[in-house]
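*Asks:* My structure is below; once you've seen it, I'll send some questions.
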Amino acid sequence: MDGAPPVGGPGGGRVSQKRGPWEGCGGPYDAVGPPAPPPTAPRAHHPRRRDPMRTVLRRPDFRLLFGGLLASMAAESILLLALAIWVKDLTGSDGLAGATIFAVIAPMTLAPLVGWIVDRYPRRPFFVAANLATAVLLTPLLAVRDRTDVWIIYVVAALYGLSYITLSAVLSGLIRQLVPVELLAEANGVLQTVRQGLRLVGPLAGAGLYAAVGGWMLAVIGMVGFLSAAVVVGLIRTTETPRTGAGVRWPAEVSAGLRHLAGEPALRRALLGYGLGSLAMGFSESLIFAYVDQGLRRDAAFVGVLVTVQGVGGLVGGLLSPAVVRRAGEVGTLATGVAFFGPASLALVYPNLWLGFVAVLLAGVSLPLTMVGLHTLIQRRTPPGLLGRVAAASEAVVSGPQALSIGAGALLVGVLDYRVLFALIGVATLLAGGYLWRGRTLSPPPPATIPAPRQPTDGPAGAGSHWRGAGGQRAGTEGWRGEAGGQEVVGTTPPSPGR
């Protein structure tokens, strides 16, 4: 019986059955005895038995965001590999095809500037505008006909890389705005699970469509995906606090994200440990071809089979990641993900098919664990006004070393035995994981309670509304975050009951 006191009371005395003058009015005086708790108190949090994944998906605003991202992530998974295949088909050069991936990564150098721009505008309208712009920038691909038009693909790839940074930066802030802090790990886990699932079918679908129809169809599918994301996310209704920072010089604003990463202990350790880990992980992108060719004695196309198995591991990791965050914290989850890559690399030293399947499965589990741990940590430890800059800067800090190691791996595999390199990667990632694990106390596991899903009210915001703070804590400059009348509110003080 929700909110009803026990029959015997805390001291074992009888509760009077006499009706009082206030009975039936919903107040605390319906019976003689200690006052009942406020009716909203039991609804603020629910025990862990509620499935957090389902709770976050029950939120209408997150469902809209999820639907929009599903469309854009599907377009992204189809495009990336297909653009490189298109260049390879037009030029016959492996080097020029690989340069397509470099063109996508190159704009990472602009990440601090991109993050500053993102933080100057409201999240939802900016996300919608960025998706519309991405759809427009894909239109030049319709003009590609032969080898002389390859430059168009490179330009589109570079602009797409810039769009990717922008969308990632604004998405981090949008998730933090729409989802209670207690459900951030679940929200990131759901999105990573879908992303890993699309890795199973997206690249193969893109290659198949290119072979069957041509590159113009890839451009059309990409445009439809990003336009759909803009329309769906545009349906979200949310209120944002005004952006601050007037009077601060723009160089200081641009570098604020990097300063926050360096000054916050948990973020500093996470970026340092994961940056070193990703520097080692990048070598595996080139080594896997040598493993298939020299070790398994199979055709290069067999890499696609291993990628599929890795995608299955990614699905498992995405589903498990919220539970790992709740038990080990964000830095502990990041450490687990990085450390999982160690035994995976060491297993690839010995060329055996079934051992190889286990290795790439572990590598697949590793990726979503690292992403969910890192993204959730950034969202929880960063003021909302800095989230764009911090998310963009962290992307550059991690992706920069990884891009360098991919190129270095392509060179070293021709000089050193791939088995030696895999052994070195395994040792390096285990050391990086251990360094992160020692800092797991910097981000302890969140409380074992989760908020109830939003419930619609029968009246205006003042009638039957309740305020729910983020864990009941005042979050520094971030102010209060809660719900009133079924709407999420962000402000400096909780609203009074009459507001």
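*Asks:* Report the full-extension gain for the segment D293 to A262: residue separation times 0.36 nm, less the Cα-Cα distance, to one decimal in nm.
*Replies:* Values: separation 31, 0.36 × 31 = 11.16 nm, distance 4.23 nm.
The D293-A262 span can extend by a further 6.9 nm.
*Asks:* Which ³J(HN,Hα) values, rounded to whole Hz and listed in residue order, are derived for the range 213-219 from phi using the Karplus coefficients 6.51, -1.76 and 1.60 in 6.51 cos²θ - 1.76 cosθ + 1.60 with θ = phi - 60°, glycine and proline given as x?
*Replies:* 10, x, x, 4, 5, 4, 4
*Asks:* Please give, to one decimal in nm, the separation of the simple spin-label points placed at V358 and L235, each 7 Å out from Cα toward the Cβ.
*Replies:* Spacing of the two 7 Å Cα→Cβ label points: 4.7 nm.
*Asks:* For the range 368-376, what does the Karplus curve 6.51 cos²θ - 1.76 cosθ + 1.60, with θ = phi - 60°, yield as ³J(HN,Hα) per residue in whole Hz, taken in order and with x for Gly and Pro?
*Replies:* Result, ordered by residue: x, 4, 5, 5, 5, x, 5, 5, 5 Hz.
*Asks:* Which number do you get for Rg(Cα) / (2.2 N^0.38 Å) in the range 59-142?
*Replies:* Working: Rg = 15.9 Å, N = 84, 2.2 N^0.38 = 11.8 Å.
The range 59-142 yields a ratio of 1.34.
*Asks:* Just to confirm my numbers, what's the Cα centroid distance between the range 69-91 and the range 158-203 in Å?
*Replies:* 18 Å
*Asks:* Show me the ranking of peptides 253-259, 414-420 by mean Cβ neighbours inside 10 Å, starting with the highest. Write down the numbers at each step before the final one.
*Replies:* Working: 253-259: 19.3, 414-420: 13.0.
The peptides rank, most packed first, as 253-259, 414-420.
*Asks:* Starting from the Cα-Cα distance between A143 and A212, subtract it from 0.36 nm times their residue separation and give me the gain in nm to one decimal.
*Replies:* Numbers: separation 69, 0.36 × 69 = 24.84 nm, distance 1.82 nm.
Full extension from A143 to A212 adds 23.0 nm.
*Asks:* If you don't mind, another one. Which of the peptides 371-381, 135-145 is most tightly packed, and how do the rest follow, going by the mean number of other Cβ atoms within 10 Å of each residue? Show your work: numbers first, answer last.
*Replies:* Details: 371-381: 25.5, 135-145: 16.8.
So the order, starting with the most tightly packed, is 371-381, 135-145.
*Asks:* Ok, one more. So, by mean Cβ neighbours within 10 angstrom, what's the order for 109-122, 355-368 with the highest one leading?
*Replies:* Those peptides, ordered most packed to least, come out 355-368, 109-122.
Since every read-out is calculated from the coordinates, none of them should be taken as a lab result. For clarity, every value in this text was computed on a predicted model and none was experimentally measured. Glycine gets a Cβ as well: all are built from the backbone with ideal geometry, and neighbour counts include every protein chain shown.
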